Each structure stands twice: as structure tokens, then as C-alpha cells.
Amino acid sequence: QVQAVESGGGLVQPGGSLSLSCAVSGIIVDISVMVWYRQGPGKQRELVAMIIENGNRIIYADSVKGRFTIFRDNAKNTMTLQMNNLKPEDTAVYYCRIMGNGYDQWGQGAQVTVSS
């Protein structure tokens with residue numbers, strides 16, 4: 001069974017950096033789409049970044065462009081969200097999602113808190 005496990009959440013001061021990782025386990029033929037979402041307190045879930053078209057295209061939300069980077073490591077079956085210059089409004093639970101032939105799996109969520 002394909003699974004996604006997140007790690008790397010925590011508390012960071014404004015302007016700091018944090019990296020989230022989504023490790024994928026199971027037998028996988030392909031991963032067509034990899035996505036990071038987030039949901040802040042009292043807010044709806046929003047798309048942060050995603051990799052589509054078999055890794056050939058990356059899309060970012062306007063709110064994180066220039067600060068966040070999404071990338072994948074095919075050999076390790078992981079995807080990473082590198083977050084730089086963090087702001088208090090980035091505080092949220094972050095979720096990864098992987099989609100391919102025959103599966104659609106979500107990570108368990110990772111809390112990111114940006115506060116001084």
C-alpha cells in the first residue's frame with residue numbers, strides 16, 4: 001500500500017527557515033502529481049506548491065513565490081518543501097499529497113508555527 005509520511009515541522013522565528021519532507025513508501029510505478037497544501041487557524045485549505053507533468057512543471061501560490069521551493073528526489077522517493085523567510089501568516093498545518101496510477105495519498109500533517 002502506498003503511504004506518505006511527513007516530517008520536519010516545528011517552531012521558527014519570523015525570517016527563519018524550515019524544511020518539510022514527505023517520504024513515500026510502497027511499490028510505485030509512477031507519481032504523476034506531488035502537492036503541498038496548508039491550512040491555517042480558521043482558514044480554508046490552500047494549495048502551496050505542486051509538481052505536475054511527471055516532474056516537468058512546478059506551480060507555486062503567489063503568497064510563497066520566491067520564498068518556498070518544492071522539489072523531489074526520485075531515488076529516495078521523497079518530496080521536500082524548503083521554506084525560507086518565513087512569516088507569521090505562514091503558520092499552518094502543512095499536508096503533502098501524492099497522486100499516481102491507482103493511488104491518492106495524504107500525509108498526516110505537520111504543524112509549522114512562525115512566531116517570535
(request) Just tell me which aspartates and glutamates come within less than 17 Å, Cα to Cα, of Lys76; anything on the same chain fewer than 8 places away is out. (result) Glu6, Asp30
(request) Show which lysines lie in cross-link reach of Lys43 when reach means a straight Cα distance below 23 angstrom and same-chain residues fewer than eight apart are skipped. (result) Lys65, Lys87
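Note down, for region 49-116, the three equivalent ellipsoid semi-axes (square root of 5 times each alpha carbon gyration tensor eigenvalue), biggest first, whole angstrom. Before the final figure, lay out each step's value.
On the way: eigenvalues 107, 43, 22 Å².
For region 49-116, the semi-axes come out at 23, 15, 10 Å.
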(request) Please report, as a whole percent, how much of the solvent-accessible surface of the chain comes from carbon and sulfur atoms (probe radius 1.4 Å). (result) 47
(request) For region 11-63, list log₁₀ I(q)/I(0) at each q in 0.21, 0.24 Å⁻¹, using the Debye formula over Cα point scatterers of equal strength and ignoring solvent, two decimals each. (result) -1.01, -1.14
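The values are calculated or read from the model by the stated rules, or taken from the named source; none is laboratory data. Values in this document were obtained by computation on a predicted structure and should not be read as measured data. With ligands, DNA and RNA removed, areas are computed over all heavy atoms of the protein, side chains included. Shrake-Rupley method; radii C 1.70, N 1.55, O 1.52, S 1.80 Å.
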